[in-house]
Each structure stands twice: as structure tokens, then as C-alpha cells.
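Reading through the C-alpha cells given below for one structure.
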Amino acid sequence: MSGARGEAEPGPGERLSDALYGLGWAAVKTLPEPAARALFRTLADQVWKRRGKSVLRLEANLARVVPDAGPARLAALSRAGMRSYMRYWMESFRLPTWSPERIKASIDVTDAHRLTEGLDAGHGVVLALPHLGNWDLAGAWVTTDLKVPFTTVAERLKPESLYDRFVAYREGLGMEVLPHNGGAAFGTLARRLRAGGLVCLVADRDLSSSGIEVSFFGDTARMPAGPALLAQQTGALLLPVTLSYDDTPVMKARVHPPVEVPESGDRAVRTSVMTQALADAFAVGIAEHPEDWHMLQRLWLADLEPRGDQK
């Protein structure tokens, strides 16, 4: 993650990444949709065939999710996973041009009443999601169909101009975006919740040193404490959400039952129990649609440990 402005100028590779993303946002919007879909599927297959680090890491992660899968099954899953990941990017590049009607028609939400009733109660709601499907589309549905603004947090990217592009993109969809690093974000999120607002957090990978260890697909991983802590400190409702694609243009979303604050135990114990409950809900959605889990980084603690010449 990059820090605040004023650091060293980005290198040529970072400037190139920024330029390519800018070109993508500008050019992909203008392509006919069938052409855009075909282009991104081709890109996904090309990336998958190269068997680079991201593809190998995705395949290793999927091996934990589907432990009985043989090499052929894992290869098929990782190929489908890259296609799903590229579908996310294709949709995200085009999303700012979609009408509210198109956004509404592009997502089918099961048990949305849990969210709307939680907001109507006036105590605030925290939605916690894994890296499944297209969370930006889900957010656009909240702001355009439900007409509910919300606050989220984004990891700072290199170069800073690329982070700025992401912030501008998400703010254009009606989201308030806070930088991940810095303690001020938690306080702002808590204030939004105490005012009865909505907070949405992607929460299946810890980006800090204060993550909570959870059992996840039979091994130990670390997930952020933020959603559980916010629910405890503000009285907000904590709702897990999972997303998935199928062979249609419509993404499926499911709002899971709320994660309750335990009646006993200190804050650390309550946070651990609640974060484990989130992990369990995420695991349900991921196990049902493993190809839509866009986890191309190391997640489990065993994979984070130095092993031989791994980097």
C-alpha cells in the first residue's frame, strides 16, 4: 500500500499501470457489450494460459476450498475464476455508464429485507462481503435502487493517481470512500453508523496487524476485526453478504442472517466469535461458487510463512 501524498514519484511501471487503467475506463465504455465481453474473456484465457503467480495463487487457494479436486478440476476452476475476475473488471469499467434501470436489472438480491429492515430500525447496518462477484455492482444497486448512500474503505494503491481513479469511480457511484490506512477511518465509520447510516466492507482478507484468526476451510486465516468491532461499539446490525455469477448477465446476491453480538465474554472474545461467524457465512457462498472468489493473494497463515525460495 502506498502512503500519503508527498512520497517518491511513481516509477515507470506504476505510471504505465495507471495509464492502462485510465485507457480501460475510457475505451471499454465505448465498445458494444458483446465485443467487450468477448475481449475480456479472451484476456482472461490468455492470462490463465501464462500460469503466472496470480493464477497459481488462485489455484492454490481454490485447492483449499475444493480439497477433493484433482489437477484437471482445479485447472478448470482457475480458468473459470480468471473469467469471473475479468468479468468483474469489464463490468466495473462500464458501470458508470449504466442507467439505474440497468443496474437494478443486473442484480437479483435474496433476503434484501434484512438490509432494508435493519436500516429502518435506525441503528445503522454494516454489510461485510468477501471478494466474490462484483461488489461494486452490489454497491451501485444500494445507492441507485435503494437510494441509500454508504461509506466504505479502499486500500491505497500505487501510484497515488491510480488510487485517485478508484476513489473518483466509486464516489461517482454514490459511495463515500475512506483510505484504509490511518486510524481516522474507524472513527468516521462509527459516526456514520451511530447516525443510522450504512457501511460496506470487503472483509475476507486482513490488511492490518490486528486481524482475527479464524478457521476457514479447515485451516487458519486472518480476517479484519473492523466489522465486529463496529457492530459492538455502535449497536449496528452486522450482515454478511455473498455474491455470485451464473450463465446469465444477472449477478446473484444473498443477504445472510445477522451476526449477533455474544451476550458474554470480553471484547476480544466477542470480536473473535463474531469474526468467525462472518468467516463461516463467507465460506458458504465461496463453497457454492468457488470460481467467483477473486482471491489472487495469499490468505492462510500457513501460506504466509517463508518456505524455501517462495517470495
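Before moving on, here are some points about what is shown:
- Placing L229, L278 in order of accessible area, with the largest value first and a 1.4 Å probe, yields L229, L278.
- Taking every DSSP helix (H) stretch of at least 4 residues in the chain, weighting each as -39,500 (n - 2.57) and dividing the sum by the residue count yields a mean residue ellipticity at 222 nm of -15500 deg cm²/dmol.
- Working ranking of peptides 54-60, 246-252, 256-262 by packing, defined as the average number of other Cβ atoms within 10 Å per residue, highest first, is 54-60, 256-262, 246-252.
- Panel values: the range 57-180, Kirkwood radius from alpha carbon pairs, Stokes-Einstein at 20 °C and 1.002 mPa s, translational diffusion coefficient 129 µm²/s.
- The range 228-269, Rg to Rh (Cα coordinates; Rh as Kirkwood inverse mean 1/r): 1.20
- Across all directions, the shadow cast by the convex hull of the chain built on its C-alpha atoms averages 16.7 square nanometres.
- Protein heavy-atom accessible surface, 1.4 Å probe, per residue over the chain: 47 Å².
- Of all complete DSSP H helices in the chain, those with a Cα span along the helix axis of 20 Å or greater and a mean Kyte-Doolittle hydropathy of 0.5 or more are 267-288.
- Values of log10 I(q)/I(0), in the order q = 0.19 Å⁻¹, for the range 185-307 under a Debye, Cα-only, solvent-free model: -1.12
- As computed over the range 27-123, the Cα convex hull volume per residue (Å³): 171
- Tally of Lys pairs whose C-alpha atoms are under 22 Å apart, taken over the chain, 8 or more apart or cross-chain: 8
The values are calculated or read from the model by the stated rules, or taken from the named source; none is laboratory data. Everything numeric in this text was worked out from a predicted model, so none of it was measured. No Cβ is skipped: glycine too gets one built from the backbone with ideal geometry, and neighbour counts run over all protein chains shown. Remember, those area values only see protein heavy atoms, side chains included, never the ligands or the DNA or RNA. Shrake-Rupley method; radii C 1.70, N 1.55, O 1.52, S 1.80 Å.
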